[in-house]
Each structure stands twice: as structure tokens, then as C-alpha cells.
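What follows is a set of notes on a single structure, which appears directly below.
The values are calculated or read from the model by the stated rules, or taken from the named source; none is laboratory data. Note that this is a predicted model, so its numbers are computed, not measured. Neighbour counts are summed over all protein chains in view; Cβ atoms, including those assigned to glycine, are modelled from backbone coordinates with ideal geometry.
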Amino acid sequence: MNNKKSPVIIPLPTNDFDPTEVSVSWKVITDAGYKVIFATKDGQQAKPDAMMLSGEGLDFWGFIPGLKKITMIGRVLRANKTGRAAYLAMSQDTNFMAPVTFDSLKPSEYSGLILPGGHASGMIEYLEDEVLQRFVADFFDHKSGSTSTQNLPNLDHPPIGAICHGVILAARSTSKISGRSALFGRKTTALTWTQELAAQNLTRFTRFWDPLYYRTYSESAGEAKGFWSVESEVKRAIKNDSDFLQVPKDIADYKTKTNNIARDTIEDSRPAWVVKDHNYISARWPGDAHTFAKIFVDQLGKHYK
């Protein structure tokens, strides 16, 4: 049975998870006194997207072995100092080094669920894993003391956090009760098309030999531009496009939240945009990670008080 003493579970792809979204979440959650367990498809330790740690390979000369360690664009796009420090600490955590397998996961054994993102090609296997999708759907359907038999959305599930491409995993997870996406009828955010396109437009020139590095999925001939963006796919899964919440233009710090440069810290949430719909928390990108994790921890406390 779920309770406050049960660990939080973070499923990861075998390769290419975003190091900031995972490690900052891990640090904030463990600093709050909760245990975190990791899971991968085969139980082997997950590997991050190395470029998001080093920044190497994101500049014009990034394909040249002797020059790629010189970073300019890469220094801006990679995890910042706080994110890199969190990753270093997490990489030495025994639970991170010895994950459980996707097929061993049961919703009743965990107090909460975090679905992180990442954009490199290794994420595809993770996002399309049917075993993991079933677990995520069951977690949304699950109540703290029983399995929900109510119409979705079930508002009594343990806290669930999804950030960036992790929202796609939630969107692809189909409830056994409703037959719809686990996000149908919920408010959410995720990596926006504006953000995804900006990253693509920048790196298709600076990383010209691999111009779609920032697009996990890209469009085929005849498909509308952005059809396979994170925002578009999530919108196809939810009830109304208006349930996908963008930063309101009249909100304080709108420019800070949308400049795609400023990142939040544990003390400063001004750059962040996080959406909370009861026990479901969502965010856009690594720049939201501290605030995302803090709200998730706060919801854990409220849910199990």
C-alpha cells in the first residue's frame, strides 16, 4: 500500500535521459527525506545524454575531435553548474547504480512517480515501451488504498510528475478504465513547440551534420510542420487544446519564463512554469526542474498527511 515511507520511482531510458531533469528531481526529493528508486528496461544503469552534461558537439566544430572540447553554444545549452553537480551526486547513489526493471514495477509499492525527459534518440525506446506505458497508466488509475473504479480523471492517485518529453510517456499511457490517455481531462504543460523549434533552428546550423538532434520525432513528407512535436502529440491526447497550458502573457516574469535561457534555482522560481492539476504536476524543460520537484514534494506531503 502506498504511504509516505514508500519510495518515489523514477523510470529512465537506457540512454539519453536529460541529466538536469532527473538529477535535480532526485536531489530535491531526497533532500526532503524521501527515498528514490530508479528503473530501466533491463535493470542496467541508465546513461544520460552526454552532450547535455559536457556541451561538446553542439558547436560548429563539434565534430572535430581536437576542437569539440571548446564550447560556446554548447556551454549555454548544457546543464548548468547546479545541474551538473546534482548529476555527479546522483551518479554515486546506490539506487541509481542498481535500478529495478520496468516489468517489476507495481503502483502500490511507490509513494510517487516522476517521468523525466530528454530529446536525443535513446528516448524513443523509453517513450514507446509498452510495459512502462501500462505501469504509468496503472499509476494514474491507482488510488492510495485501492484501484480506482471511478471515471477518469482519478484525482486520488499518488503524486505524479512529468517534465518535458516525460509528458509524452504519460500521454501515450492508456487507462484500462476509460480506454483513453491518462492525460485525458487533465490540465498539463510540456516542452512547447516554440521551445522545441527554437532549439532545432539553432542546432541545425551549429550541429549541421545532425540537424535534428533536438527533435526526438520529425515529420514525414506531407505532415504539417510540428506534427510530431511534444506539444502537438500531447494535445492530441488531451480533451481540449486549451487544457495544454502556456505561460499567460500577462503573468509576472513572462519574459523570464519564456526566454529559453533563464533557469530556476532552489531559491528562485521566477523562470519556471509548472502546472499542477490535483496530484499531477507537469513542467516544460530543465529550466523548470527545481520548482517542478519542489511542488512534487509538497504534494507528497499533502497527499500522505
* Residues being among the aliphatic types (A, V, I, L, M) and either buried (at least 23 other Cβ atoms within 10 Å of the Cβ) or without any contact (Cβ under 8 Å) to a residue 24 or more places away in the chain (or both) - total across region 7-45 -> 7
* Checking residue 39 against (1) within 18 Å of residue 289 (Cα to Cα); (2) part of a strand (DSSP E or B), which single condition isn't satisfied? -> (1)
* Asked: Going by the conditions given, is residue 247 part of a helix (DSSP H, G or I) and within 24 Å of residue 272 (Cα to Cα)?
  -> no
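Each row is one residue, and each column tells you yes or no for (1) touching a Ser or Thr at 6+ places or on another chain (Cβ under 6 Å); (2) without any contact (Cβ under 8 Å) to a residue 60 or more places away in the chain.
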position	(1), (2)
257	no, yes
270	yes, yes
277	no, no
282	yes, no
* Could you tell me which residue of region 47-78 is surrounded by the fewest Cβ atoms within 10 Å (Cβ to Cβ), considering only residues that are over 16 Å from residue 204 (Cα atoms) and in contact with a Phe, Trp or Tyr (Cβ under 6 Å, 6 or more places away or on another chain)? => 67
* Structure fact -> Across region 234-285, the tally of residues that are over 22 Å from residue 197 (Cα atoms) and of a type in the set (Phe, Trp, Tyr) stands at 1
* Asked: If a residue has to be surrounded by 13 or more Cβ atoms within 10 Å (Cβ to Cβ), of a type outside the set (Gly, Ala, Ser) and not in a helix (DSSP H, G or I) to count, how many in region 214-244 make the cut?
  -> 10
* Members of region 140-160 found to be closer than 16 Å to residue 304 by Cα and either modelled with pLDDT of 95 or more or out of contact with any Pro (no Cβ under 7 Å at 6 or more places or on another chain) (or both), listed by number -> 143, 145, 146, 155, 156, 157, 158, 159, 160
* Asked: Take the residues of region 188-207 that are of a type in the set (S, T, N, Q) and in a helix (DSSP H, G or I): which is modelled with the lowest pLDDT?
  -> 203
